[in-house]
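Enquirer: Below you'll find the structure I mean.
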Amino acid sequence: MQIEAAVLRAADAPYTIESLDLADPGPGEILVRVAGAGMCHTDMLGRVPGDLVAKPVVLGHEGSGVVEAVGPGVTGPTVGDHVVMSFDSCGECANCRAAKPGACPQMTALNMLAMPLDGTPRATGPGGEPVHTRWFGQSSFASHALGTARNVVPVTKDVPLDVLGPLGCGVQTGAASVLVSLGVRAGDSIAVFGAGAVGLAAVMAARIAGASTIVAVDLHESRLDLARELGATHVINGADDDIAGQIRAISGGEGVQYSFDSTAVPEVVSTAVASLRTTGVCGLVGVGAAEYRLDANLLLMGRTVKGIIEGDAVPHTFIPRMIEMWRQGRFPFDRLVTTYPLAQINEAEADTTSGKVVKPVLIP
């Protein structure tokens, strides 16, 4: 079928809106008409020079939409279902069976390579050249996307479908990191480094968990203001001196029980670890850093640094949970969203890179 998609043909090229020929859904595949697709920091990996992400490619991995067709063998989603698309996983390995799909050994192959495991292109351009359309099992910067039963999550039809896409990755990562992976509880303290969509979702989740001290750190005052409105008890500008010292002072001199970093900036991660109390845990979700340098003495005293993938969430249960929290007025993730027509994808990318907006959502 013919679809419209935002195609990235080179790391330093603008997106171009093109007509592509997308294959019919094959075994285990689901065709989704996209209602909206969030732009996530991970999509910026397409801008990394080299062959990290094959080109030409359709990015986008926070899609929502309506099921239009299903391939042979699909059980679960049916035609007409409203769905959110999340990351893909094999469903058969020990980690998937243990409800840790983000730790699937095939995580990279199924999500980061933007192509099916068998290497068969699922879309072609006007000249018949292959276009990669399996980014995070979906490639949703398009009018239609092919997903699988593992990453297509049915949702209720009485919620605003076009803005639900960010629940599939960024918002899920922030909220689940706090509620599932770190297990923040009432009375705990946490410092959140980076107040983008992931960090602000973490702030909202910490408030839901009942944390008594929630510190947000960011360079943008507008985002710090929003963090206060969403639940932060304290905010710190990332350009300030001795941020770890300020956090220790806020938390009674001892440090916070949890810190959470979404920036992947090595100096920020070092500060996040230094902000912890003894026995504290720092969760890392940022993508892009090659290495971190940490004070070994801090770790020897009992602090823990933990890598977290997709919040350690199971999308089929956690996405409906977030929607229910939104219904209750406790999780206003829609306040992070700014919508753009898909044709304005380059403007949306520039606005999120500059910090002008928190979470662009592209509407085909």
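Enquirer: Which members of the range 61-73 meet the condition of being open to solvent by less than 30 Å² (accessible area, probe 1.4 Å) and part of a loop (DSSP other than H, G, I, E, B)?
Expert: His61, Glu62, Gly71
Enquirer: Of everything in the range 1-60, what is open to solvent by less than 20 Å² (accessible area, probe 1.4 Å), assigned to a strand (DSSP E or B) and of a type in the set (Gly, Ala, Ser)? Give them in sequence order.
Expert: If the condition is that a residue be open to solvent by less than 20 Å² (accessible area, probe 1.4 Å), assigned to a strand (DSSP E or B) and of a type in the set (Gly, Ala, Ser), then Ala5, Ala6, Gly36, Ala37, Gly38 are the ones that fit.
Enquirer: So, in the range 145-158, exactly how many residues are closer than 20 Å to Val314 by Cβ and in a loop (DSSP other than H, G, I, E, B)?
Expert: Number satisfying all stated conditions: 4.
Enquirer: I'm checking my understanding of the structure. Among residues of the range 235-261 that are free of Cβ contacts under 8 Å to residues at least 12 places away in the same chain and outside any helix (DSSP H, G or I), which one is surrounded by the fewest Cβ atoms within 10 Å (Cβ to Cβ)?
Expert: Per the stated criteria, the residue is Asp241.
Enquirer: Continuing with this model, one more query. Just one of Leu276, Leu226, Leu219 is open to solvent by less than 40 Å² (accessible area, probe 1.4 Å), of a type in the set (A, V, I, L, M), under 25 Å from Met204 (Cβ atoms) and touching a residue at least 60 places away in the same chain (Cβ under 8 Å); which is it?
Expert: Sole residue among the options that is open to solvent by less than 40 Å² (accessible area, probe 1.4 Å), of a type in the set (A, V, I, L, M), under 25 Å from Met204 (Cβ atoms) and touching a residue at least 60 places away in the same chain (Cβ under 8 Å): Leu226.
Enquirer: Inside the range 296-325, can you point out the residues that are among the hydroxyl-bearing types (Ser, Thr, Tyr) and under 20 Å from Thr263 (Cα atoms)?
Expert: Listed by number, the list holds a single entry, Thr304.
Enquirer: What are the pairs with Cβ atoms under 7 angstrom where one residue, in the range 317-344, is closer than 17 Å to Gly168 by Cβ and the other, located anywhere, is among the hydroxyl-bearing types (Ser, Thr, Tyr)? Sequence gap at least six, or different chains.
Expert: Listed pairs, sorted by first residue: Ile319/Ser86; Ile323/Thr156.
Quick grid of which residues meet (1) among the aliphatic types (A, V, I, L, M); (2) assigned to a helix (DSSP H, G or I):
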residue	(1), (2)
Thr279	no, no
Val287	yes, no
Tyr292	no, no
Leu299	yes, yes
Gly311	no, yes
Pro320	no, yes
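Enquirer: Turning to a different aspect of this structure: Can you tell me how many residues within the range 75-111 are among the hydrophobic types (A, V, I, L, M, F, W, C), over 17 Å from the mean Cα position of the chain (by Cα) and either buried (at least 19 other Cβ atoms within 10 Å of the Cβ) or part of a strand (DSSP E or B) (or both)?
Expert: Total satisfying the criteria: 1.
Rundown of residues vs (1) at pLDDT 95 or above; (2) over 15 Å from Pro332 (Cβ atoms); (3) touching a strand residue (DSSP E or B) at 6+ places or on another chain (Cβ under 9 Å); (4) of a type in the set (Val, Ile, Thr), yes/no style:
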| site | (1), (2), (3), (4) |
| --- | --- |
| Phe193 | yes, yes, yes, no |
| Ala197 | yes, no, yes, no |
| Met204 | yes, no, no, no |
| Ile208 | yes, no, no, yes |
| Thr213 | yes, yes, yes, yes |
| Ala216 | yes, yes, yes, no |
| Leu219 | yes, yes, yes, no |
| Leu230 | yes, no, yes, no |
| Ile236 | yes, yes, yes, yes |
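Enquirer: Ok, one more. Cβ-Cβ distance below 6 Å, separation of 6 or more or different chains: which pairs start in the range 155-170 with a residue that is small (Gly, Ala, Ser) and end on one that is at pLDDT below 95?
Expert: Partner pairs satisfying both residue conditions: Gly170/Cys40.
Enquirer: Based on what the data block shows, is Ala264 crowded, with 22+ Cβ neighbours inside 10 Å, in contact (Cβ under 8 Å) with a residue 12 or more places away in the chain and within 17 Å of Gly355 (Cβ to Cβ)?
Expert: no
The values are calculated or read from the model by the stated rules, or taken from the named source; none is laboratory data. Every value quoted in this text rests on a predicted model; they were computed, and no experiment measured them. Neighbour counts are summed over all protein chains in view; Cβ atoms, including those assigned to glycine, are modelled from backbone coordinates with ideal geometry. Accessible surface areas use protein heavy atoms only, side chains included; no ligands, DNA or RNA. Shrake-Rupley method; radii C 1.70, N 1.55, O 1.52, S 1.80 Å.
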